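First up is the structure itself, then whatever we jot down about it.
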Amino acid sequence: MAMANTVYVLRYAERTAQRQDHFYGAIDRPADSMPISYFVWLIVGPHGPVLVDTGFSESTARRLGGRAYVTSPRDAVRAAGVDPDSLGTVVLSHLHYDHAGCTAGFPAASFVLQDREMAFWTGRHARQVASGLGMPHLVLPEDVLAVSAANFAGRVHWVDGDAEIAPGISVHHVGGHTPGMQVVRVSTAIGQVVLASDASHFYENLDRDRPFAVVDSVPGALRAFARVHSLASDPSLIIPGHDPAVLDRFPPAGFASLGGHAVVIG
């Protein structure tokens, strides 16, 4: 019998943006408003909590500008009833700044990461991709160094492909957005939920087969869409990584300090 887990979607920041910021290639209505939300995802189940991604810090938000910071991911986890100092497992979907920027906030955690993700961001093309394409904030050296330090401390759980990390919780390499992009499948009381993270930023990416503006491979992004669909028990249980509409499609989590910024799934 599948283990019943509960997923909390926690928004820690948001930013105003336009449609032209979010899709690869020619876009209809490019100047239309299309805000972006920044989330982390907390899975709570019978075998202990698992956090998916660690977000970026308030200092990074100030440095980059344009990002309204709601709360730190560490404080969001605490507001959800989990002690961030003792949380044991964190999945890093990939190493972009908004997903791997606050690892120090979880000092007891082991970080689940795909081999090929770290290999790429410590390899020969990392500088050009992270800094030379008009997006110098895409991957921050200090974030990669923090994960490297955790590895030397024995706190990285390396994965090559797919792996179960707890009963009813598994990671799946999909690629597309980055070489080591992975998604998380969670068994819940309402079915198999897939936390797509940046395999699909918005519902529209999946619904219309339109990759996000930042991709490692366009065909890879399209294959990732297909894989995500195959992993979820229903399309409504695919949770995109940055769509504010997620907060409208699921019930409020009921955390007083996160009113309007947290929902519960399962």
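Every number here is computed from the coordinates shown, using simple stated rules; none is lab data. In this text the structure is predicted, and so the values were computed from the model without any measurement. Virtual Cβ from ideal backbone geometry, glycine too; neighbours counted across all protein chains shown.
Summarising the amide proton neighbourhood of GLY168: residues at separation of 5 or more, or on other chains, whose placed amide H is nearer than 5 Å comprise MET3. For the pair ASP83 and HIS125, what calculated FRET efficiency results from E = 1/(1 + (r/R0)^6), where r is the Cβ-Cβ distance and R0 = 41 Å, to the nearest 0.05? Working from the Cβ atoms, E equals 0.60. Full extension of the chain segment joining ARG62 with HIS47 gains 1.7 nm, where the gain is 0.36 nm per residue of separation less the Cα-Cα distance.
Couplings for the stretch 194-207, taken from phi via the Karplus curve 6.51 cos²θ - 1.76 cosθ + 1.60 with θ = phi - 60°, read 10, 8, 6, 6, 8, 5, 8, 5, 10, 4, 5, 4, 6, 5 Hz in order; Gly and Pro are left as x. A Förster radius of 30 Å, combined with the Cβ-Cβ distance separating ASP248 from ALA213, puts the computed FRET efficiency at roughly 0.80.
The residues neighbouring TYR69, those whose beta-carbon lies less than 13 Å from its own, together hold a net charge of +2 under the Lys/Arg +1, Asp/Glu -1 convention. Rounded to the nearest 20, the size of the Cβ-charge dipole of the stretch 122-252 about its Cα centre is 240 debye, with Lys and Arg at +1 and Asp and Glu at -1.
Amide H contacts under 5 Å for THR188: ASN5, VAL193, restricted to partners 5 or more places along the chain or on a different chain, H placed in the peptide plane at 1.01 Å from N.
Of the peptides 192-200, 57-65, 114-122, how do they stack up when ordered by the mean number of other Cβ atoms within 10 Å, highest first? Walk me through the intermediate numbers first.
Details: 192-200: 27.3, 57-65: 14.8, 114-122: 19.9.
Put in order of decreasing packing, that is 192-200, 114-122, 57-65.
Can you match semi-axes √(5λ) of the Cα gyration tensor in Å to one of these, (1) 32, 22, 15; (2) 30, 20, 18; (3) 24, 22, 20, based on a calculation from the structure here? Read-out from the structure maps to (3).
Helix-only mean residue ellipticity at 222 nm, the chain, DSSP H runs n ≥ 4 weighted -39,500 (n - 2.57), per residue, nearest 500. What is it? Spell out each step's value before the answer.
On the way: 8 runs with 62 residues, N = 266.
Result for the chain, helices only: -6000 deg cm²/dmol.
DSSP bridge analysis restricted to the chain gives an antiparallel fraction near 70%, rounded to the nearest 5.
Using a simple charge model, +1 on the beta-carbon of Lys and Arg, -1 on the beta-carbon of Asp and Glu, nothing else, what dipole does the chain show about its Cα centre, in debye to the nearest 20? Show your work: numbers first, answer last.
Values: 19 positive and 25 negative charges, 57 e Å.
Value, rounded to 20: 280 debye.
Under 5 Å from the amide H of SER197 lie the amide H atoms of GLY241, each residue being 5 or more positions distant or on a separate chain, with H modelled from the backbone and absent for Pro and chain starts. I need the shape label for the stretch 84-239. Rule: rounded when a/c is under 1.5, else prolate if a/b > b/c, else oblate, with a, b, c from the alpha carbon gyration tensor. In terms of gyration-tensor shape, oblate.
With θ taken as phi - 60° and the Karplus curve 6.51 cos²θ - 1.76 cosθ + 1.60 applied, the whole-hertz 3J(HN,Hα) list for the stretch 99-109 is 10, 9, x, 10, 4, 5, x, 10, x, 9, 7 Hz, x standing for glycine and proline. In terms of packing, defined here as the mean over residues of other Cβ atoms within 10 angstrom, the peptides 183-189, 140-146, 251-257 line up highest first as 183-189, 140-146, 251-257. For SER170, neighbours were defined as the other residues whose beta-carbon sits under 13 Å from its Cβ, and their charges (Lys and Arg +1, Asp and Glu -1) total 0. Couplings 3J(HN,Hα) of the stretch 70-83, computed from phi: 8, 6, 6, x, 4, 5, 5, 4, 4, 4, 7, x, 10, 6 Hz, in residue order, whole Hz [Karplus 6.51 cos²θ - 1.76 cosθ + 1.60, θ = phi - 60°; x for Gly and Pro].
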